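The values are calculated or read from the model by the stated rules, or taken from the named source; none is laboratory data. Remember, predicted model here, so these are calculated numbers, not experimental data. Using ideal geometry, Cβ is built from the backbone for each residue, glycine included, and neighbour counts are taken over all protein chains shown. Just the protein is used for accessible areas: all its heavy atoms, side chains included, with ligands, DNA and RNA removed. Shrake-Rupley method; radii C 1.70, N 1.55, O 1.52, S 1.80 Å.
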Amino acid sequence: MTTEPLTKKRGLFVGVTTLDCIYQAAHPPATNEKVTATKSLMVAGGPATNAAVAFAQLGRANQAMLLSVIGSHALASLIREDLQGQGVTLADLDADRLSPPPVSSIVISAESGDRAVVSRSAEDLQVGPSQLADSQLSKEILLGVDVVLVDGHQMAVSAQIAQWANAQNIPVVVDAGSWKPQFETVLPLATAVIASDNFHPPGCQRAEDVLAYLAELGVGRRAITRGAAPIIFQEGDAQGKIEVPKVRAVDTLGAGDIFHGAFCHFSLTHTFEEALLKASRTASFACQHWGTRDWTKIYRMTGDDADACSENEETTN
């Protein structure tokens, strides 16, 4: 077992934060049906938020800062309390906001680990770059930061942060879950783009089209995750595939977000391919545990080892 060097890593995660109400049940309810949950959980969620938690938990010296809109509604206190317990520092883009944060209701099928999600759009949470530039955050936000991740839910702010990061040679990772308006302002600033199978820029239908589109924008490191199918990746002119570990999934919620947070952690000390592989192992490990937090408790018990997740996988035949 190879021990990960204990080095201080600081990540900035820019995007959306939701309050996730998670239930485990035999199946999601059908029309006019009530189902009884066997487990329930209320935690902070959202792509950048879950990635920040993963980054914070994957190293004893890691520091994760989340740049998001939280606000001052009573529900926001639940988000703040949860993230504080996960070692994530909050930088609120609109601390005086009175409206409630977006709330998601998620039902996890007990047998398969598949999820059904109902959530509200976060379009009304967008903050302009001038609001960021006029705040104290603009002077301190990248201080000591080693890597930036953006999830596309704060596009204008993300573009500004990415420009500042480029000027300071700080790598920028883009979580491209699905195509969103103005994504073209952020993607050319990325060091690495990790897209999902649902990411379809204009005129792109196949994975090959997406990779070619990103290459034309000048993105040097490009990858597409495809659930249980192999990850496709390109670095410059080189390309390859990475097999995803086969596991007995208990809960697939947040697996992609955890993947991105783990990638940010490992990318600072490993090659692109190695970081993708280790991130895949971490996400697969998380899928074997309930909710988006239990995996971190088990991981902590294994010690701070780079391959701890892979060595605790329960592979299927």
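Check Val14: other-chain or 5+ apart residues with amide H under 5 Å from its amide H, H built from backbone geometry?
Leu67, Leu149, Val150, Asp151
Using the Cα gyration tensor of region 36-78, with a ≥ b ≥ c the square roots of its eigenvalues, what is the shape: rounded (a/c below 1.5), prolate (a/b larger than b/c) or oblate (neither)?
Oblate, because a/c is 1.5 or more while a/b does not exceed b/c.
Taking all protein chains together and a probe of 1.4 Å, list Arg293, Arg248, Arg80 from the most accessible to the least accessible.
Arg248, Arg80, Arg293
Quick one: what are the phi-derived ³J(HN,Hα) couplings along region 277-288, Karplus 6.51/-1.76/1.60 with θ = phi - 60°, whole Hz, x for glycine and proline?
Working through the residues one at a time gives 4, 5, 5, 5, 5, 5, 5, 5, 4, 5, 5, 8 Hz.
Please report the equivalent ellipsoid semi-axes of region 123-200, computed as sqrt(5 x eigenvalue) of the Cα gyration tensor, largest first, in whole Å.
After scaling each eigenvalue by five and taking roots: 21, 16, 9 Å.
Would you pull out the residues with amide H under 5 Å of Trp179's amide H, same chain only if 5 or more places away, H placed 1.01 Å from N?
His200
Rank these by accessible area, largest first, 1.4 Å probe: His200, His260, His270.
Listed by decreasing accessible area, they come as His200, His270, His260.
Any idea what the dipole of the chain comes to, in debye rounded to 20, about its Cα centre with Lys/Arg Cβ at +1 and Asp/Glu Cβ at -1?
That gives the chain a dipole magnitude of about 360 debye.
Using the alpha carbons of region 153-302, what is the convex hull volume per residue in cubic angstrom, as a whole number?
118
Mind jotting down the three principal axis lengths of region 13-134 based on Cα atoms? Whole angstrom, largest first.
50, 35, 21
Each residue of region 10-24 in turn: what ³J(HN,Hα) in whole Hz from Karplus with 6.51, -1.76, 1.60 and θ = phi - 60°, glycine and Pro shown as x?
Result, rounded to whole Hz: 10, x, 10, 10, 10, x, 9, 10, 10, 9, 9, 9, 10, 10, 9.
Quick one: which residues, 5+ away or cross-chain, put their amide H under 5 Å from the amide H of Ala195? H built at 1.01 Å from N.
Excluding prolines and chain starts, which carry no amide H, the hits are Ala176, Ala223, Ile224, Thr225.
As a test of reading the structure, rank Met65, Met42 by solvent-accessible area (1.4 Å probe, protein chains only), most first.
Ranking Met65, Met42 by accessible area, largest first, yields Met42, Met65.
Check the straight Cα-Cα distances from Lys9 and name the lysines below 28 Å, setting aside those fewer than 8 residues away within the same chain.
Counting by Cα, and skipping residues close in sequence, Lys9 has these lysines nearby: Lys139, Lys241, Lys278, Lys297.
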